[in-house]
Amino acid sequence: MSGLPESLRPWAAQLSLFPEDLALSLGAHVARLAAALGPMRARNEMTGGEPQGYDGLTRRGSPERLLMSEWLMALEAPDEFVRRAAFGEQAFLRPAFRQPQGGRRTVALLDAGPDQLGAPRIAHMALLVALARRAESVGAAFAWGVLQSPPRKQPFSTVDAAAIGQWLKAGTAAPPLPAQLTAWREALELGRAPEDVWLVGSARLARLQGAEGLSLVAVDEVVAPGARQLSVEVRPASRPPRQVVLELPPAPQCVRLLRDPFVTAVAAPVRDTRTSPVQSIHFSADGLRLLMTHANGAASAQVLPQSPRDTVPRPKRFHPPPGERVVALGWRRSGGLLVVTWHWEKRVLCVHGPLRGHSTGRDLTILLSALPETLRSSLVRGPPLLALSMMREGREVPLVLDSARSLQQLASGERLVSPLQHGVSALLERRGGLFFVDRDREEDRATSAPRAGCIAPTLFDGWTQTLPVEGTGEAYFGHARDSSRQTPGLPLAIRHKPGQWWVTRDSRDEQKGEWVSIAPGLRVVGLCCWPVDTPLPGLVVLGEDQRTFYRVTGDGAPELLVAASARVISSGVSPALPLMAWMTEKGEVCAWSFQHRALVYRSTPGGTS
């Protein structure tokens, strides 16, 4: 692995199994643990075995192995020669002998019980790499297994993706028992005085019957406020113990190491012949669901898995009644699909969904001439609009963001359609509040600065913040570090002018933002706030090939994220989850996790969803 520093080159073969960022994080632990373990002691090569030349110098030996320089001294300075012989200072060649290595081996037995689940297994993984290289360096065999597993299914003889994958799945709620250690000793024929056998787990392993004479590596999490550390005590059977404290990698890397360190898990295509191919996609206002419309006129809302291994739940579907067409799609504040349709014969808007305080599927009898021009044009052409709802005075009110970026309120009474906000460039529903970026209606939109605001039945209702940009105001919200906190400040990216964006983790504070430049040909599709501990989020952009996605931060250097299988025609980033979704020209719909750097959802065209 070319990206490894020189200090990690001895373990390059083992670390090459991992992606480079994980190899660097794990390699730092491997180096420290290898130093604590020490080298595997070589057998005495001074006696026995087959001679294989000389391997150094010694102060003792027979005259025929005396160095030529010593014989020269006997001729030129005989008195000094005698003195050196008397005081044992003469130099002799040291013979070497080839020893049979077949009987040498290192054995590691790992505890997969409740004490060692989670972060301690990262130290276990680093120990496996260190022990494997340690045995290889002296030509010894290496065998390892899980204490709680039957010996007939193991041991493993290599540290590779398949073996580590099985070990990661071997976690159990049962602590190791003396009978299990006895079974392993018998299966591996360790005998009463095994040469190099290591128990890896908690300190209580040393108290197991049969652990006498075995080496131990005790791994514990450091319990302290704010600490993300592992305490590792290496106790060789014949040497003094050594203590090592390991700093855990960032949380996203820990998750990847423990769940899918080799990025082998992929989302299987979802196939469902009950729905037709997807025509459009966008995230719901809360960012928790992917909304899709289909070729047969139906609509659906898909909850996206959080991991490639998660089960894909069934989507919520809606089939419009005859004569109606879906014009807006969203998710209700009280839960469930919210679909706005247009009935061409009756010339009315219909809101489908059991809104709180309203009857199910009620019709809003609105004449075409009574609709705002922006909403009227959206009924004729364009993809479905974003719909959502919010609670106002005890009633759930449906909202639609039209093609002119005006947020229209659909309500009963004399004014059936009323504008709530104008020039909305970003919208996010979170914990009952509606966060937005817009321009003040009273000002000239071409010159006024955008502002961030909140409409909510909370203390932040009416909160606004002028943003330090001057451009048209194209904007994207990002997911916050803690989505449960009650604060109006959210991660935000907003365009200042072509090729220049202002990005911040907290829209309340102008000092926490930075300017990000985007190269020509790249198109911004959202905001990436992963990892959560990074100082500032990055822009997610689509490359000139319309297939490859990149992450761009303040230095302007694009970081490759993922490439789609075909040209992307629609894409977006969830404002609530570390997920990105796209649809290709071939009709494939995918969702990709920033956390796992892998697909978590994939549907294929032709009778799939």
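Computed from the coordinates by the stated procedures, all read-outs in this text should not be read as laboratory data. No experiment lies behind these values; they were computed from the predicted model shown. Note that we place each Cβ from the backbone using ideal geometry, even for glycine, and neighbour counts take in every protein chain shown.
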**Asked** Which three extents, in whole angstrom, do the alpha-carbon atoms of region 101-259 cover along their principal axes, largest first?
**Response** 45, 33, 33
**Asked** Mind ordering 195-207, 243-255 by average Cβ neighbours within 10 Å, highest first?
**Response** 195-207, 243-255
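Pulled fully out, how much extra length does the chain show between Arg9 and Ala77, if you take 0.36 nm times their separation in residues and subtract their Cα-Cα distance? Present the calculation step by step, with values, prior to reporting the outcome.
Numbers: separation 68, 0.36 × 68 = 24.48 nm, distance 4.88 nm.
Value of the extension gain: 19.6 nm.
Given +1 on the Cβ of Lys and Arg, -1 on the Cβ of Asp and Glu, and no further charges, what dipole in debye does region 101-259 carry about its Cα centre, rounded to the nearest 20? Intermediate results must be reported in sequence, preceding the final value.
Details: 18 positive and 13 negative charges, 31 e Å.
The dipole of region 101-259 has a size of about 140 debye.
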**Prompt:** Ranked highest first by average number of other Cβ atoms within 10 Å, how do 384-390, 343-349 line up?
**Reply:** 384-390, 343-349
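Arranged by the count of other C-beta atoms within 10 angstrom, fewest first, what order do Met40, Met68 take?
Values: Met40 18, Met68 7.
Ranking Met40, Met68 by Cβ neighbours within 10 Å, fewest first, gives Met68, Met40.
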**Message:** As I understand it, the dipole of region 101-259 uses +1 on the Cβ of Lys and Arg and -1 on the Cβ of Asp and Glu, about the Cα centre. Which of Ile122, Pro236, Leu246 lies farthest toward its positive end?
**Reply:** Ile122
**Fill in**
Nearest 10, in degrees from 0 to 90: the angle of helix 178-188 to the longest Cα principal axis of the chain is 60 degrees
**Complete:** Computed over the chain: longest principal axis from alpha-carbon atoms vs helix 120-137 long axis, angle to nearest 10 degrees, is 40 degrees
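Please report, in debye to the nearest 20, how large the charge dipole of the chain is about its Cα centre when each Lys and Arg carries +1 at its beta carbon and each Asp and Glu carries -1 there. If you can, show how the numbers build up before the last one.
Details: 69 positive and 58 negative charges, 335 e Å.
Its charge dipole is roughly 1600 debye.
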**Asked** So for the pair Glu247, Ala179, with labels modelled 7 Å out along Cα→Cβ, what separation do we get in nm?
**Response** 4.6 nm
**Prompt:** Taking 0.36 nm per residue of separation and subtracting the Cα-Cα distance, what length does fully extending Glu544 through Ala295 add?
**Reply:** 86.8 nm
**Message:** Let me check I have the definition right: for the chain, take the eigenvalues of the Cα gyration tensor, multiply each by 5, take square roots. What are those semi-axes in whole Å, largest first?
**Reply:** 67, 27, 21
**Prompt:** For region 50-98, what number results from the quotient of the Cα radius of gyration and 2.2 N^0.38 Å?
**Reply:** 1.23
**Message:** Taking a ≥ b ≥ c as the square roots of the Cα gyration tensor eigenvalues, with a/c under 1.5 meaning rounded and otherwise prolate when a/b beats b/c, else oblate, which class fits region 475-605?
**Reply:** oblate
**Theoretical gain in end-to-end length, Glu373 to Trp515 [0.36 nm per residue, Cα-Cα removed]** = 47.5 nm
**Request:** Can you figure out the FRET efficiency of Lys169 with Leu67, using R₀ = 45 Å and their beta-carbon distance, to the nearest 0.05?
**Result:** 0.15
